[in-house]
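Each reported figure results from applying straightforward, stated rules to the coordinates on display, with no laboratory input. None of the values given here were measured: they were computed from a predicted structure. Glycine also receives a Cβ, built like all others from the backbone with ideal geometry; neighbour counts cover every protein chain displayed.
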Amino acid sequence: MDKQWELPLPLEAEALSAARSIALDLKCPALIAELLYRKGYRTREEIHEFFYPNLSKLLDPFLFEQMDKAVTRILKAIEDKEQIVIYGDYDVDGTTATALLYLGLRRIGGLIDFYIPHRMIDGYGLSLNSLDQLKATGATLLISVDCGVNAIEEITAINAMGMEIIVTDHHNPKEILPDAYAIINPKLPGTTYPFHHLAGVGVAYKLLMAIYQRLGIATHDNVIKYMDLVAVGTIADIVPLTDENRVFASIGLQHLIEKKNLGLNALTQISNLNQKNLDTTDIVFGIAPRINAAGRMGSAAVAVDLLIATEEEKSLELAEVIEHQNSLRQQEDQKTFIEACDIIEKKYKDMAHTPVMIISSDDWHQGVIGIVASKLVEKYYRPVIMISFKEGFGSGSGRSVADFDLFEALKHTEHNLHSFGGHKYAVGLTIYQEYIDRFENELSRYISEHLQLDKIKPPLKIDHELEIYDINDNLMSWMERFAPFGPENYHPVFLTRQVSIASYPYNVGRNHLKLKVMKNGNVLDLIGYNLGDFLPLLKKNALIDIAFTLEYNRFGNKTTIQGKLRDIHLHK
């Protein structure tokens, strides 16, 4: 799929002068100063705060309207020795949030257990299936993490059974809220909490910190104690890495490097990651898929057991179990992706006039359809919904394209659905098979009216033009201060025009492109993940334009600078 390169507008004279002043003040390359200016960091104080995230940026958790009520109820439950159950979701965000509250509340004397729904048995979020089991444990107080804000029927049943629930969530609420004891969610309508982009684990962390504040034990050590769990859940959930999330990611990654959590350390080892240089990419492509695999291929309770493990031997055993599940997940991914592509090619002959792709099967593993849907969006660049049916009842996952709100689209067709939830770009739903055709027709009509199909191309935002001779260790040392990278703070994408292919390109691994390019006698090594399809089009000495990010390639004791290709424009 051709990408639409979006070049930045040139800075006007006044802005250019301000960027030059930043460069002089910091003694940094002009490129770094301009990137900072465009991000809105223009004073010494703003830049220092960006480069060095610190705990002072964290907001008072009692800014949540119902935090005081929630804290009072939890502390009463702890004092009265009530059974408290943390009810989590089965993804990385949910399992890290569950582990965080489990560990944090047990430390202060809570009688704590946890429950993670089984994807195949319970489905997503709070489940009616689980309530009898929870009641049988003697639980009087439930605390949901990363789910619950739209669980009206389930919470009504919880109340009727004599239990109470505090909901902590970050998903978009619908118009009617459930009758929970308290709801803590930065996306509630009219909320006064200033930062709306916390992950589920971030919301759970704010609850724990509010409790610690009330008890007078919010010391520096206690504030950062579980920051590695917060970082992993936040980074994995692909929320904006700005404001509080940037603090979580930055301090939490350092905590991860220091091996504070036995389970995360075991996952790092089994993923063959460089413990000394962990970054957001290692979380997204190394640790997160393994934690997710537990919930996709079996029970995510294994992942929580790993994250709360207190014995190294036990943590290594559980990491091995999860590694095996991840291998099974990869095999299932590949098989399902091939089958889905085959269905799409047969079903949608005219992609130019296809607003959304809705495909289903009775044979797909429910745990992998979300991953596969993401890959299909990447390949075809259309919103995709994949549905796995069992005895006429389907569970689906949807993924969207840039700037199209799929969650909002589902609101307009929800009369066809049994349930749905999620975010702008990622949704989950359930549906009876007899409604699938009407659902597809109505959703297709809505999307075609709100998405310009003739202009839809994957956008690739270029941050700056860069010549190869300007790439050096000094530039990289400044670039590394922009980390941790993620949504709203991605690696800067650079454009270099008219480079020549210096040697014969080749493919490695699963369709990854390797090549060297040269300009004015300067050479840059490049790797393009999933860009192997370019290989037949590339000839030695041919001129191309390249869009890429920069990174260090660490192999053994050798560290070199390499470009990570994002796209190529061929010269005709």
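With distances taken between every two different alpha-carbon atoms, the range 434-491 has a Kirkwood hydrodynamic radius of 16.0 Å. Legend: distances between Cα atoms for LYS174/LYS424; LYS375/LYS516; LYS57/LYS461; LYS187/LYS424; pairs beyond 19 Å are LYS375/LYS516; LYS57/LYS461. With semi-axes defined as the square roots of five times the eigenvalues of the C-alpha gyration tensor, the equivalent ellipsoid of the range 1-133 measures 48, 23, 12 Å, largest first.
Semi-axes of the equivalent ellipsoid of the range 348-455 are 20, 15, 13 Å, computed as sqrt(5λ) over the eigenvalues of the C-alpha gyration tensor in descending order. State the answer as a single residue: which of VAL493, ILE447, MET518 lies farthest towards the positive end of the charge dipole of the range 382-541, with beta carbon charges of +1 for Lys and Arg and -1 for Asp and Glu, about the Cα centre. Farthest towards the positive pole: MET518.
Check the straight Cα-Cα distances from LYS76 and name the lysines below 26 Å, setting aside those fewer than 8 residues away within the same chain. Answer for LYS76, where 26 Å is the Cα cut-off: LYS135, LYS206, LYS225, listed by chain and number. The calculated FRET efficiency for ARG106 paired with LYS572, based on their beta-carbon distance and R0 = 56 Å, is about 0.30. Maximal additional length on extending the LYS379-ILE338 stretch stands at 13.6 nm, based on 0.36 nm per residue less the C-alpha distance.
The magnitude of the dipole of the range 57-324, with charges of +1 and -1 set on the Cβ of Lys/Arg and Asp/Glu and taken from the Cα centre, is near 440 debye.
Assign one of three labels to the range 225-298, namely rounded, prolate or oblate, based on the Cα gyration tensor with a ≥ b ≥ c the square roots of its eigenvalues; rounded applies when a/c is under 1.5, prolate when it is not and a/b is larger than b/c, and oblate otherwise. Cα axes put the range 225-298 in the oblate bin.
By the rule of a C-alpha distance below 17 Å, with chain neighbours fewer than 8 residues away ignored, the aspartates and glutamates paired with LYS314 are ASP305, GLU323.
Free of any GluC sites (Glu not before Pro) that DSSP assigns to a loop and that have at most 14 other C-beta atoms within 10 Å, the longest stretch within the chain is 13-174. Residue separation of ARG497 and ASP25 scaled by 0.36 nm, minus their Cα-Cα distance, works out to 166.9 nm of gained length. Between the range 105-146 and the range 246-323, the alpha-carbon centres lie 23 Å apart.
Relative contact order for the chain: 12 percent, from Cα pairs under 8 Å spaced at least 6 residues apart, divided by residue count.
FRET efficiency for the pair ARG554 and LYS349, taken as 1/(1 + (r/R0)^6) with r the Cβ-Cβ distance and R0 = 60 Å, rounds to 0.80. Its alpha carbons considered, the range 57-324 gives a radius of gyration followed by a Dmax of 17.1, 51 Å.
Taken about its Cα centre, the chain carries a charge dipole of roughly 1500 debye when the Cβ of each Lys and Arg holds +1 and the Cβ of each Asp and Glu holds -1.
Between SER327 and ASP405, the simple spin-label model (points 7 angstrom out along Cα→Cβ) gives 4.5 nm. Once the convex hull of all Cα atoms in the chain is built, its volume per residue stands at 168 Å³. Projection of the Cα convex hull of the range 105-167, averaged over all directions and equal to a quarter of that hull's surface, yields 4.4 nm². So how far, in whole Å, is the C-alpha centre of the range 479-555 from the one of the range 421-477? Going from one Cα centre to the other spans 23 Å. Tell me which lysines have Cα within less than 18 Å of LYS514's Cα, excluding those fewer than 8 residues away on the same chain? Straight-line reach from LYS514, under 18 Å: LYS539, LYS540, LYS564.
By DSSP, the beta bridges lying fully in the chain are antiparallel in about 60 percent of cases.
Taking Cα centre as origin and charging only the Cβ of basic (Lys, Arg, +1) and acidic (Asp, Glu, -1) residues, the dipole magnitude of the range 240-296 rounds to 240 debye. Remark: the GLN433-ASP525 segment gains 28.0 nm on full extension, using 0.36 nm per residue and subtracting the alpha carbon distance.
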